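Beneath this line is the structure, given in C-alpha cells, with notes to follow.
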C-alpha cells in the first residue's frame, strides 16, 4: 500500500473512531450504506487495495467538510470583525464558505474511485511486461499456472499483485481450475483493455495447439496484440491531453491575467472590486479550480516510467546532509540580498532611478524584489541539492540504454563456454567507455582479485558492482544474473 493509500485509510479510521456521532446510529447508517453503495464504488475499493468499508469513507468526508466549514466561518468572522467590506466581498465570502466544504466532501467520498481510475491507467503500462513473462514461461513449459506464477514472482508491477491474488484464489478453491480463473481475470481486465483480454485468451488457446511451432506462433501473436494495443492506447491517451491542456492554460492562466488588466476599466463603470474579492478569486478560487482540473487531466495521462529512487547511501551523496545545510544558508543569504536590494538602492541614492518612490516614477517598488528573493532562494536550493541526484539519474539512464547490448554480448560469451571472469571482462572491453562497461569491469575485477563468488561480485552490499545502480530495469534483470550466479 502506498503512502497516500495508508494515509487515507488512517484518516478514515480516525474519523470513524472520534466522529461517528455525525451520522447518528452507526449500525443503522452502516446497513443503509451497504444497501445504497454502488457496485462501481465497491469494485474501486477492491481494485485499489483499500482496507475500508464505504461508510467509513463517507464519515471521513463529513468530518473533513464540517471542520473545513467551521474553519472558513471562523476566518470570515475574524475578517469581518477587523474591518468593513463591500457587499460584493461578503457575497463572495459566503459563496466560498458554502462551496469549498462541499467540493472537499465530494472529493474525499469519491477518492477510492479516483484512485482506482488512476491505478488502472498506470497499470495499463504494466501489461506488456506481465505478458512477456507469461509468454516467456509458456514457450519453455506450456503450463498456464506455472506461467502466471513466474510472471507474478518476477514482476514488481502492481498488476503482478492481481496475478498473485488470482493464484491464491485458486489455491483456496474460489475457482475450480486455472481456466475458470483466467476467464474471470480476462473479463475483469477486458473492461479496461480489450487487447489484454484477447491476448490472454490466445495464450490459453496455445496449450491446445497440436505442435510446438503452432504454439510458438500463437504465443508470439498474443505478444504482438499486447504491444500494438498498448501503443494504440498510449497514442489515444496522449491525443486526449492536447485540448484539456489548452483549456487549462487559457481559462486558468491567460484569462485571469487579462481580467487583472480590465479591473481599472470595470471600476469606471461603477463596479467596485476590492482587495478581499481579489484575494478570494485569485488566491483561493482559481487555485482550487486549477487543482481540480489538473487532477482531472492527470487522471487521463498515460503511464510513464517513474524516475529511479536514489538513496542517500549512494557514494556520491555521502556528504549530502552537510551540503543541504550549507545550501540552505547560501539560499537564505541570497534571498536576503535580493529582497533588501530595493532599500539598499534607496540608501545609496537610487541610481538610474530604478526604485519607484512615487506614482509614475521609477521601474519597481522597493518591496518588489522580495518576490525575486523567494524565487532566488528556491532556485539556489533546488540547484544545489538536486544537481547531484540528477547526475546520478542521468548515469542510471545511460546504463539502462546500454544494458541490453551488454547482456547480449555477455550471453554470447557464456554460451561459448567461457568462464564468468572472462565473459564479464570481454564484455567490459567490448563496451569500453560506457557506464555499463565500467560496472562489468568491476565485476570481473571482483572475481579475479577478491576471489569472491559471482553472486558476491555482483550483489554484495559492500563491494557488489550493481549495489549502487538504482534502476528498475537493471533490477529486473538481476533475477537472471542471480540465477546464473547461484549455479556458478
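Can you name the residue in the range 31-84 that is part of a loop (DSSP other than H, G, I, E, B), in contact (Cβ under 8 Å) with a residue 12 or more places away in the chain and under 22 Å from residue 104 (Cβ atoms) and, of all such residues, is farthest from the chain's Cα centre (by Cα)?
If we filter the range 31-84 for residues that are part of a loop (DSSP other than H, G, I, E, B), which is where we start, we get 37-38, 49-53, 83-84.
With in contact (Cβ under 8 Å) with a residue 12 or more places away in the chain added as a condition, the list becomes 37, 49-53.
From the residues that got through so far, the ones that are under 22 Å from residue 104 (Cβ atoms) too are 37, 50, 52-53.
On the way: 37: 29, 50: 18, 52: 22, 53: 25 Å.
Among residues in the range 31-84 that are part of a loop (DSSP other than H, G, I, E, B), in contact (Cβ under 8 Å) with a residue 12 or more places away in the chain and under 22 Å from residue 104 (Cβ atoms), the one farthest from the chain's Cα centre (by Cα) is 37.
Which of the following residues is farther than 30 Å from residue 431 by Cβ and over 28 Å from the mean Cα position of the chain (by Cα): 345, 407? Before the answer, list the steps.
On the way: 407 fails: farther than 30 Å from residue 431 by Cβ.
On inspection, the qualifying residue turns out to be 345.
Taking the range 49-94, which residues are modelled with pLDDT of 80 or more and on the phi > 0 side of the Ramachandran plot?
Passing the criteria: none in range.
Looking at (1) touching a helix residue (DSSP H, G or I) at 6+ places or on another chain (Cβ under 6 Å); (2) more than 30 Å from residue 325 (Cβ to Cβ), which is the one condition that is false for residue 422?
Going through the list (1) touching a helix residue (DSSP H, G or I) at 6+ places or on another chain (Cβ under 6 Å); (2) more than 30 Å from residue 325 (Cβ to Cβ), residue 422 breaks only (1).
Does the range 44-54 contain at least one residue that is touching a helix residue (DSSP H, G or I) at 6+ places or on another chain (Cβ under 7 Å), more than 30 Å from residue 95 (Cβ to Cβ), surrounded by fewer than 16 Cβ atoms within 10 Å (Cβ to Cβ) and not assigned by TED's automatic domain parsing to the domain that holds residue 166?
Checked against the condition, which is being touching a helix residue (DSSP H, G or I) at 6+ places or on another chain (Cβ under 7 Å), more than 30 Å from residue 95 (Cβ to Cβ), surrounded by fewer than 16 Cβ atoms within 10 Å (Cβ to Cβ) and not assigned by TED's automatic domain parsing to the domain that holds residue 166, the range 44-54 yields at least one hit.
One residue is enough: does the range 9-23 have a residue meeting the conditions free of Cβ contacts under 8 Å to residues at least 12 places away in the same chain and either assigned by TED's automatic domain parsing to the domain that holds residue 283 or surrounded by 14 or more Cβ atoms within 10 Å (Cβ to Cβ) (or both)?
Checked the range 9-23: no residue is free of Cβ contacts under 8 Å to residues at least 12 places away in the same chain and either assigned by TED's automatic domain parsing to the domain that holds residue 283 or surrounded by 14 or more Cβ atoms within 10 Å (Cβ to Cβ) (or both).
In the range 354-367, is there at least one residue being touching a residue at least 12 places away in the same chain (Cβ under 8 Å) and part of a strand (DSSP E or B)?
The answer is yes; a qualifying residue exists.
Quick test of your reading of the structure: residue 109 fulfils all but one of (1) surrounded by fewer than 18 Cβ atoms within 10 Å (Cβ to Cβ); (2) in contact with a helix residue (DSSP H, G or I) (Cβ under 8 Å, 6 or more places away or on another chain); (3) over 26 Å from residue 237 (Cβ atoms). Name the failing condition by number.
All conditions pass for residue 109, except number (1).
Is it the case that residue 181 is in the same structural domain as residue 170 (by TED's automatic domain parsing) and in a helix (DSSP H, G or I)?
Answer is yes for this residue.
Among 445, 391, 476, which is under 19 Å from residue 309 (Cβ atoms) and either modelled with pLDDT of 85 or more or crowded, with 17+ Cβ neighbours inside 10 Å (or both)?
Within the list 445, 391, 476, the selection yields 391.
The values are calculated or read from the model by the stated rules, or taken from the named source; none is laboratory data. As the structure is a computational prediction, the values presented were derived from the model and not from experiment. Note that each Cβ is placed from the backbone with ideal geometry, even for glycine, and that neighbours are counted across all protein chains shown.
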